[in-house]
Amino acid sequence: MTNQTKNSLDLPPAYISAANDLRSDTFTTPTEEMVKAALGASVGDAVYGEDVDTARLEQTVAHLAGKEAGLFCVSGTLSNQIALRTHLYQPPYSILCDYRAHVYTHEAAGLAILSQAMVVPVIPSNGDYLTLEDIKSHYIPDDGDIHGAPTKVISLENTLHGIVYPLEELVRIKAWCMESGLKMHCDGARIWNAVAESKVPLKQFGELFDSISICLSKSMGAPIGSVLVGNAKFIHKANHFRKQQGGGIRQSGMMARMAQCNIDGDWKSKLLRSHALAHDLAAFCKEHGIPLESPADTNFVFIDLHKAKMNPDVLVKKGMKYNVRLMGGRVSFHYQVSDESLANVKKALLESFEYAKEHPFDHSGPTQIYRSESTEIDIHGNAIQDVKGYKY
């Protein structure tokens with residue numbers, strides 16, 4: 001490559017460390033142990049079912065969840081979408097979920113495009129999680145009424161907004177779904193966090209759902225991947241949809257081996273430390289009157305920007321001032337976040353909250369998790385030099 005070609009490339013700055021990155025728990029970086037493990041990984045073709053490390057990972061996660069089989073996917077979005085598509089047969093039909101569910105709000109209309117499904121988003125009456133009563137009051141029965149799209153799948157998320165779904169409520173919902181002939185899917189993007197915090201074994205959650213998308217990168221620390229688990233017939237068909245969506249990976253052994261490192265290691269202690277950091281920040285917010293959207297059960301602290309009249313753009317910039325990377329009102333902790341970054345995010349939050357008292361921000365429309373306003377100028381209107389604006 002010539003120097004001229006190198007100079008024409010528009011490359012991002014080199015990513016150094018996740019210790020100060022609280023935008024998401026996906027920003028963890030591979031450890032030396034993971035990199036070494038990848039070097040010794042199997043090199044079979046996973047699309048043909050011939051890769052040893054991929055098969056080992058799939059079977060390990062399926063066993064932990066009490067399921068017959070697993071399917072390695074490049075992302076939670078892919079595993080969620082092919083799971084829900086596999087549960088559905090002939091439209092018209094609908095999927096019922098929480099109005100904040102990732103499958104509904106953050107997967108690029110996948111349910112409409114891939115599954116041709118109507119979605120019934122429900123606001124929890126308790127403000128935190130859907131109850132059986134919430135579901136029953138929005139359920140569309142398959143009773144012969146040709147005007148509706150009957151509910152076929154209840155899709156729940158555990159955790160959602162950092163909230164651990166109460167086991168007893170899931171048991172109630174499962175019993176009713178069995179009586180009503182409905183399938184249950186779990187977006188388990190952070191189900192490991194739920195397991196660690198609640199002390200409920202993954203297998204016990206697995207008994208309640210027909211399928212679970214179990215993420216290995218969020219909080220757990222793998223560079224990539226989720227494993228979709230279910231019965232053998234279900235996974236066989238899901239593999240068909242994975243292939244259709246371009247999700248087949250040939251030599252996926254390296255990725256699988258890196259993910260296996262996290263499952264084999266002391267992941268509970270790592271996750272519980274991230275929860276402790278979040279609990280510390282939540283207590284700090286309560287002490288200083290900074291309102292929260294949701295209980296901080298696990299590794300997320302959701303600042304109620306509307307109630308606090310805080311400008312997310314100001315919060316991001318205050319974070320830059322104290323060398324912590326933030327994204328709107330969702331503060332995400334993971335096991336690589338440093339104690340110093342916790343102290344710094346407290347400073348950034350408190351200054352943003354005090355700033356909002358003198359400069360209340362009028363929010364128009366819903367808060368967007370994955371993007372903030374321009375950060376090309378600081379809070380005083382001065383240009384920020386050599387910093388790319390975060391466009392979430």
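Just a few scattered comments:
- Scope segment 319-328; condition of a type outside the set (Ser, Thr, Tyr) and surrounded by fewer than 24 Cβ atoms within 10 Å (Cβ to Cβ); matching residues: MET320, LYS321, ASN323, ARG325, MET327, GLY328
- Scanning segment 131-170 for residues that are within 22 Å of LEU88 (Cβ to Cβ), in a loop (DSSP other than H, G, I, E, B), without any contact (Cβ under 8 Å) to a residue 40 or more places away in the chain and of a type outside the set (D, E, K, R) returns PRO141, GLY144, ILE146, HIS147.
- Meeting the requirement of 3 or more residues that are under 18 Å from the mean Cα position of the chain (by Cα), the helices (runs of 4 or more DSSP H) wholly within segment 226-337 are 253-264, 267-287.
- Any hit, segment 369-387, residues being surrounded by fewer than 21 Cβ atoms within 10 Å (Cβ to Cβ), modelled with pLDDT under 95 and basic (Lys, Arg): yes
- Residues within segment 39-62 that are surrounded by 20 or more Cβ atoms within 10 Å (Cβ to Cβ) and assigned to a helix (DSSP H, G or I), tallied: 7
- Checklist (1) modelled with pLDDT of 95 or more; (2) closer than 15 Å to ASP25 by Cα; (3) in contact with a helix residue (DSSP H, G or I) (Cβ under 9 Å, 6 or more places away or on another chain) applied to ASN262, failing item: (1)
- Whichever residue in segment 186-208 is closer than 17 Å to ILE82 by Cα and touching a Leu at 6+ places or on another chain (Cβ under 8 Å) and, among such residues, is surrounded by the fewest Cβ atoms within 10 Å (Cβ to Cβ): CYS186
- Any hit, segment 22-32, residues being among the acidic types (Asp, Glu) and assigned to a loop (DSSP other than H, G, I, E, B): yes
- For segment 167-185, a tally of residues being open to solvent by 10 Å² or more (accessible area, probe 1.4 Å), in contact with a Ser or Thr (Cβ under 9 Å, 6 or more places away or on another chain), closer than 19 Å to THR151 by Cβ and hydrophobic (A, V, I, L, M, F, W, C) returns 1.
- For VAL200: the one exception among (1) touching a Ser or Thr at 6+ places or on another chain (Cβ under 9 Å); (2) part of a loop (DSSP other than H, G, I, E, B): (1)
The values are calculated or read from the model by the stated rules, or taken from the named source; none is laboratory data. Just so we're clear, the structure is a prediction, and the values are computed from it rather than from any experiment. No Cβ is skipped: glycine too gets one built from the backbone with ideal geometry, and neighbour counts run over all protein chains shown. Accessible surface areas use protein heavy atoms only, side chains included; no ligands, DNA or RNA. Shrake-Rupley method; radii C 1.70, N 1.55, O 1.52, S 1.80 Å.
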